[in-house]
Amino acid sequence: MQARAFRRPAAALLAVAFAVLPATGAQAADSARTSGTGGSGSTTSHPSDPLVWGKLLYEEGCASCHGLQGQGIAPSPAIKDSGAAAVDFEVSTGRMPLGTIANQALRRAHSLYTAEETQAMAQYVATLGNGPAIPTQQVQGWENADMALGGQVFRTNCAQCHSFSGQGGALTWGKQAPNLMKATPTQIYEAMLVGPNNMPKFSDQTLPPAEKRAVIKYIEFLRQPDNPGGLDLGRLGPVSEGLFGWFGGFGILVAIAIWIGVKAK
Amino acid sequence: MTPTTPLGRTAVALDERFAGAKGMRKLLNKVFPDHWSFMLGEIALYSFIVLLLSGVYLTLWFKPSMTEVVYNGSYMPLHGVRMSEAYASTLNISFDVRGGLLMRQIHHWAALFFVSSISVHMLRVFFTGAFRKPRELNWIIGVILLILAVVEGFAGYSLPDDLLSGTGLRIAQAIMLASPLFGTWMAFFVFGGEFPGLDFIPRLYTVHVLLIPLIFLGLIGAHVGMVFYQKHTQYPGPGRTNKNVVGYPLLPVYIAKAGGFFFAVFGVIATLGALVTINPVWLFGPYVPNQVSAGSQPDWYMGFLDGAVRIMPNWEVHLWSHTLSLNLVVPAMLMPTALIGLVVAYPWLEAWATGRTGEHHLLDRPRNVPTRTALGAAFLSFYLLLFIASGDDIISTTFHLAFNDITFLFRVLIFVVPVLVFWVTKRIALSLQRRDIDRLMHGNETGNVLRLPHGEFIEVHAPVNERDRARILSNPAIEPLPMPPATDAAGVRTPNYRAKRLQAKVSHFFYGDRIPMPSAEEIAAAQAHLDAGHHGHDELTH
């Protein structure tokens, strides 16, 4: 029945149109942001004052949910006291503006804003209330931090959700502690500072900047692909080992048994 | 005739002193039946040998001590960290002992395969009925070996005192604590005080390298010895009866096959040990009781217990200021005890339901004993569901599902799926029997359609070959025991009436649904019909 319907050229055209429409629609939405008034991946014309620019970007991309004063429009949270660090974290990881409706904002492969745009928005939001600044200074020097200390802090405070290898883990009701392998040092620092979503805030009293930098150092170590034991099986622990053991190793042993046991003819 | 070769002279010299030639000749001429599924137990034996060899190597450097030391080895991310000597020596083996990491990985992969092969071997034994009289005792030895293998594996997983193994031990201790009445006492006894304490790792080491391996050696000897003594079972086939063994002699065929297979098993394990990481203890870090990692799972063979605990509702009963933790008592104590009890009792249960006392040396084809096969499949589905439930967090993150929903789903599936699997498996087995009988009576479809001179079309059927015929005819088509009469003709009540009635009911459950085998005359008539060229189904030719 389906096949016959497509023999009519008009129907086929219609079907193609329906298939393509959502995609172009989405594209249109994204390009509206980049080429519309005030907005811009194109750096040709934007206000030279970052605060003015940031305000424009904020009103265009954020205010419809978080309110013109960052007061929040239910169910969206108030962000006036979130500070520049939170804005930089959420926008640079592509979690904001919100994409798919899920139980939590999900990381995008690429942020929808350029670094300058993000900076401008972050600076503007910082003027709305009291919140932590982008920890550019504090991150400095993480390369020389104490990795062993970082490992201990990581295992005490982070591993219970992000897992021993930083691969992430499950939280309740479909929420997840994300995989940390793509996070930049600044983003990791910001996450500890502002505690996005279900994550607790780690103030400088609980976790001094030196320890935060040590954690960054350890996570950067975990990102290295070198694995002394060979294939790392995703560093998921015994689940992936068990699967590989059954289907990879034991499967081969049974195949050999069948081969040896084949009747000599 | 005196032998001239060095080997021959040695053999004669030995025989002159120990008179072993006669026994050896008998042993080497012993015939074993041939089938790939008979080699699954061998994988277990060979993994065990690999475990012994690699384990000895590891003992040369492992220090089973909870003494706190500061790590100064070559793994930089843990430099200067305080840890137990057990963990430090495991890191030392992994990074500073030549071939140490390879041996650790070989040992761990071999352990996984050891338990895998025992499990699969037992499934083969179960589904083919090899556990029946006279081999019930060997079945029980097998069950004990499996349980010991799991305990031994868990002990080995716990020894390095890393964060993952410590978490596992914490759960083991919690299960001990949850035991009614003596739980607290037992946990303090086993750990020598509060968890984790200093005593447990050295104690576990003795259990892991001495106690259980010794029991293994004894039981494996008994297990293999009994297979020799009672003779190996064989699959039905032409010329194979309950009173013979058709196969090849130990020398040279099986010595060569088994020897080669040993090296193949060793090779696969060594290759995995060299190429694939298992248990990267250095990433877990040392065990500290206030730390835990997401994705903490046990090795696969403990997965079903972990899964059961994960999906169990959080039920507790408070009685006279005592807490009965049903959330651990049910999934971690009652459930495994019930499973083991069922497995141990099964040979007697089935024999009782069958009501016969004969010996069985010819294996069953699983389809010919539909209820046993269905029970086995249902058991397996129950086990697998618990096993999968143990990875609920990984399922949750990999497939973006809420693990609250997954947990709820498993709570339903664990009761529904085994019943469905039982029913479906039984129907499939019965249908396969019908197909067998159909092939026996009407022959195999050849796909050739013949047009007869008068215009009729028939499909040509070929008689089944000798091997298939013997296999199909091996169907015992066991009948259920009849209901006993309540009283005999004289009106005297049947002795043990209730027990006999229960037996008849169980027998009906096992054998009530059966496909009767055609009688010898019917088979002969069908054969004559096929031979005479009247091919095919009657429906087609009429």
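Table for the structure above
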| quantity | calculated |
| --- | --- |
| Residue within the stretch B:27-43 that is open to solvent by 70 Å² or more (accessible area, probe 1.4 Å), of a type outside the set (Asp, Glu) and assigned to a helix (DSSP H, G or I) present | yes |
| Some residue of the stretch B:48-58 being free of Cβ contacts under 8 Å to residues at least 40 places away in the same chain, open to solvent by 20 Å² or more (accessible area, probe 1.4 Å) and of a type in the set (A, V, I, L, M) | yes |
| Residue identified as assigned to a helix (DSSP H, G or I) and at pLDDT 95 or above among B:PRO213, B:PRO160 | B:PRO213 |
| Residue under evaluation B:ASN368, criteria (1) open to solvent by 30 Å² or more (accessible area, probe 1.4 Å); (2) touching a residue at least 24 places away in the same chain (Cβ under 8 Å), criterion not met | (1) |
| Single unsatisfied condition, B:PRO238 versus (1) assigned to a loop (DSSP other than H, G, I, E, B); (2) within 14 Å of chain A (Cβ to nearest Cβ); (3) of a type outside the set (Phe, Trp, Tyr); (4) surrounded by 15 or more Cβ atoms within 10 Å (Cβ to Cβ) | (4) |
| Odd one out for A:MET199, checked against (1) open to solvent by less than 30 Å² (accessible area, probe 1.4 Å); (2) farther than 30 Å from B:LEU102 by Cα; (3) touching a residue at least 24 places away in the same chain (Cβ under 8 Å) | (1) |
| Which listed residue, of B:VAL120, B:VAL151, B:VAL190, is within 14 Å of another protein chain (Cβ to nearest Cβ), open to solvent by 30 Å² or more (accessible area, probe 1.4 Å) and either more than 27 Å from B:LEU53 (Cα to Cα) or within 16 Å of the chain's Cα centre (by Cα) (or both) | B:VAL120 |
| For B:GLY41: the one exception among (1) in contact with a His (Cβ under 6 Å, 6 or more places away or on another chain); (2) away from chain A (no Cβ under 14 Å) | (2) |
| Residue check for B:ARG427: more than 14 Å from every other protein chain (Cβ to nearest Cβ), surrounded by fewer than 17 Cβ atoms within 10 Å (Cβ to Cβ), under 23 Å from A:LYS175 (Cα atoms) and at pLDDT 95 or above | no |
| Complete set of residues in the stretch A:222-265 that are at the interface with another protein chain (Cβ under 10 Å from one of its Cβ atoms) and either farther than 30 Å from B:MET302 by Cβ or among the polar types (S, T, N, Q) (or both) | A:ASN227, A:SER240, A:TRP259, A:ILE260, A:GLY261, A:VAL262, A:LYS263, A:ALA264 |
| Matching residues, the stretch A:58-113, being closer than 18 Å to A:GLU190 by Cα, β-branched (Val, Ile, Thr) and not in a helix (DSSP H, G or I) | A:ILE79, A:THR93 |
| Any hit, the stretch B:469-491, residues being loosely packed, with under 15 Cβ neighbours inside 10 Å, at pLDDT below 90, in contact with a strand residue (DSSP E or B) (Cβ under 6 Å, 6 or more places away or on another chain) and over 25 Å from B:TRP423 (Cα atoms) | yes |
| Selection count where residues are among the hydroxyl-bearing types (Ser, Thr, Tyr) and open to solvent by 20 Å² or more (accessible area, probe 1.4 Å), scope the stretch A:73-123 | 6 |
| Residue within the stretch B:403-410 that is closer than 30 Å to A:LEU106 by Cα, touching a residue at least 24 places away in the same chain (Cβ under 8 Å) and surrounded by 13 or more Cβ atoms within 10 Å (Cβ to Cβ) present | yes |
| A:GLY234 outside the structural domain of A:TRP142 (by TED's automatic domain parsing), touching a residue at least 12 places away in the same chain (Cβ under 8 Å), of a type in the set (Gly, Ala, Ser) and out of contact with any Gly (no Cβ under 6 Å at 6 or more places or on another chain) | yes |
| Residue in the stretch B:15-26 that is away from chain A (no Cβ under 14 Å), touching a residue at least 60 places away in the same chain (Cβ under 8 Å), open to solvent by 50 Å² or more (accessible area, probe 1.4 Å) and outside any helix (DSSP H, G or I) present | no |
| Neighbours by Cβ (under 8 Å, 6+ apart or cross-chain): first from the stretch B:276-292, closer than 15 Å to B:PRO77 by Cα and more than 7 Å from chain A (Cβ to nearest Cβ); second outside any helix (DSSP H, G or I) and basic (Lys, Arg) | B:PRO286/B:ARG82 |
| Selection within the stretch B:437-464 - over 17 Å from B:GLN527 (Cβ atoms), open to solvent by less than 50 Å² (accessible area, probe 1.4 Å) and not in a strand (DSSP E or B) | B:LEU452, B:GLY455, B:GLU456 |
| Matching residues, the stretch B:135-163, being more than 18 Å from B:ILE220 (Cα to Cα) and in contact (Cβ under 8 Å) with a residue 60 or more places away in the chain | B:PHE154, B:TYR157, B:LEU159, B:PRO160, B:ASP161, B:ASP162, B:LEU163 |
| Any hit, the stretch A:202-212, residues being open to solvent by 30 Å² or more (accessible area, probe 1.4 Å), in a helix (DSSP H, G or I) and either facing chain B (nearest Cβ under 7 Å) or within 27 Å of B:VAL97 (Cβ to Cβ) (or both) | no |
| B:TYR511 touching a strand residue (DSSP E or B) at 6+ places or on another chain (Cβ under 9 Å) and either at pLDDT 90 or above or open to solvent by 80 Å² or more (accessible area, probe 1.4 Å) (or both) | no |
| Where a residue in the stretch B:259-271 is within 7 Å of chain A (Cβ to nearest Cβ) and its partner, wherever it lies, is open to solvent by 20 Å² or more (accessible area, probe 1.4 Å) and of a type in the set (D, E, K, R), with Cβ under 7 Å and at least six apart | B:PHE261/B:GLU42 |
| Entirely in the stretch B:329-407, the helices (runs of 4 or more DSSP H) that have 1 or more residues that are more than 14 Å from chain A (Cβ to nearest Cβ) and not small (Gly, Ala, Ser) | B:335-354, B:370-389 |
| Failed item in (1) within 21 Å of the chain's Cα centre (by Cα); (2) under 30 Å from A:GLN104 (Cα atoms); (3) of a type outside the set (D, E, K, R), with B:THR397 passing the rest | (1) |
| Matching residues, the stretch A:136-179, being farther than 12 Å from A:GLU211 by Cα, crowded, with 23+ Cβ neighbours inside 10 Å and more than 8 Å from chain B (Cβ to nearest Cβ) | A:CYS158, A:GLY166, A:PRO178 |
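The values are calculated or read from the model by the stated rules, or taken from the named source; none is laboratory data. Since this is a predicted model, take the numbers as computed values, not measurements. Every residue, glycine among them, receives a Cβ derived from its backbone with ideal geometry; neighbour counts consider all protein chains shown. Protein only, heavy atoms only, side chains kept; ligands, DNA and RNA dropped before computing areas. Shrake-Rupley method; radii C 1.70, N 1.55, O 1.52, S 1.80 Å.
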